[in-house]
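> Structure incoming, see below.
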Amino acid sequence: MFDKNNDTDKLVAANRILAREDVVDAFGHVSLRHPDNPSRYVMSRSRSPELVEFDDLMEFELDGEVIDDQGRVPYGERMIHGAVFEARPEITAVVHNHSYEVLPFGITETPMRPMVHVASVIGKFLPVWDIADKFGDTDMLVRTMEQGRDLAGTMANNNCMLMRGHGAVVAGRTLEEAVTTAIYLQVNAKILSAALHHGTPKGLSDGEIERSQETQFSPLALDRAWEYFCARAGVETAQGQD
């Protein structure tokens, strides 16, 4: 079992931050690879992110099996997180959200690409996963590891992936990276939507994305952003890269 520490404090903060920035509402979730056991992960019980507290955190095997549920109900879509952790050992945090600004880019032919430097964190390419391609008519939720693994295969090594008619998945090497990327994915969607009304947008080049992302993920920018988002969400700053 995990203890209350800097990592779990940051996971609670991450939930509150994503809610404060309207990336999640009643739905959506964020997870953290177990700090002491990489074959497990930690996330809240099924609860709206704005309300998550330490006692809501639960531990899971990568296949979604609950470790000591204590009568708590887990998220039905935890398989998204387990499948991404299983496929990508370098990833330590995953965010799933239904951002309304992002959703249009998963149901149209307009591709999502970074428009501004702070959004370089979303990466050069955002694939779109359609659950219907392999699983037909469903309730659109990722409920099995088979579905989760298919999703993770489409996501490949990208930072973000869109889900047709559903939302987005964001993966990060740290919790701060994942949360910041989810926020700026939404920011980028707003900017791109606005720009499309004025003409043909000119996004960042591949080289600009690489250089800007290096800056945005450096302590110079990432620690500053994390402190800011913690302050806005009214949570203590569990700052610094481990």
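> Of the numbered conditions (1) out of contact with any helix residue (DSSP H, G or I) (no Cβ under 6 Å at 6 or more places or on another chain); (2) of a type in the set (Phe, Trp, Tyr); (3) part of a helix (DSSP H, G or I), Tyr184 satisfies every one except a single condition; which is it?
(1)
> Can you name the number of the only condition in (1) touching a strand residue (DSSP E or B) at 6+ places or on another chain (Cβ under 9 Å); (2) touching a residue at least 40 places away in the same chain (Cβ under 8 Å); (3) at negative phi that Gly64 fails?
Status for Gly64: all satisfied but (3).
> Let me ask something else. I'd like the full set of residues that are of a type outside the set (S, T, N, Q) and touching a Leu at 6+ places or on another chain (Cβ under 7 Å), limited to the range 66-94.
Hits for the range 66-94 are Gly76, Glu77, Ile80, Gly82, Ala83, Phe85, Glu86, Ala93.
> Could you tell me whether any residue of the range 188-199 is farther than 22 Å from Glu53 by Cβ, in a loop (DSSP other than H, G, I, E, B) and touching a helix residue (DSSP H, G or I) at 6+ places or on another chain (Cβ under 8 Å)?
no
> Identify the residue in the range 130-180 that is within 17 Å of the chain's Cα centre (by Cα), polar (S, T, N, Q) and part of a helix (DSSP H, G or I) and, among all such residues, is farthest from Gln213 (Cα to Cα).
Taking the candidates together, the pick is Thr154.
> Here is a list: Ala221, Ala194. Which entry is surrounded by 15 or more Cβ atoms within 10 Å (Cβ to Cβ), free of Cβ contacts under 8 Å to residues at least 40 places away in the same chain and more than 17 Å from His96 (Cβ to Cβ)?
When all the criteria are applied, what remains is Ala221.
Here is a yes/no grid of residues against (1) more than 22 Å from Phe125 (Cβ to Cβ); (2) of a type outside the set (Val, Ile, Thr); (3) in contact with a Lys or Arg (Cβ under 6 Å, 6 or more places away or on another chain); (4) modelled with pLDDT of 95 or more:
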| residue | (1), (2), (3), (4) |
| --- | --- |
| Ala195 | no, yes, no, yes |
| His198 | yes, yes, no, yes |
| Glu214 | no, yes, no, yes |
| Phe217 | no, yes, no, yes |
| Leu220 | yes, yes, no, yes |
| Glu227 | yes, yes, no, yes |
| Glu236 | yes, yes, no, no |
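The values are calculated or read from the model by the stated rules, or taken from the named source; none is laboratory data. Values in this document were obtained by computation on a predicted structure and should not be read as measured data. Note that each Cβ is placed from the backbone with ideal geometry, even for glycine, and that neighbours are counted across all protein chains shown.
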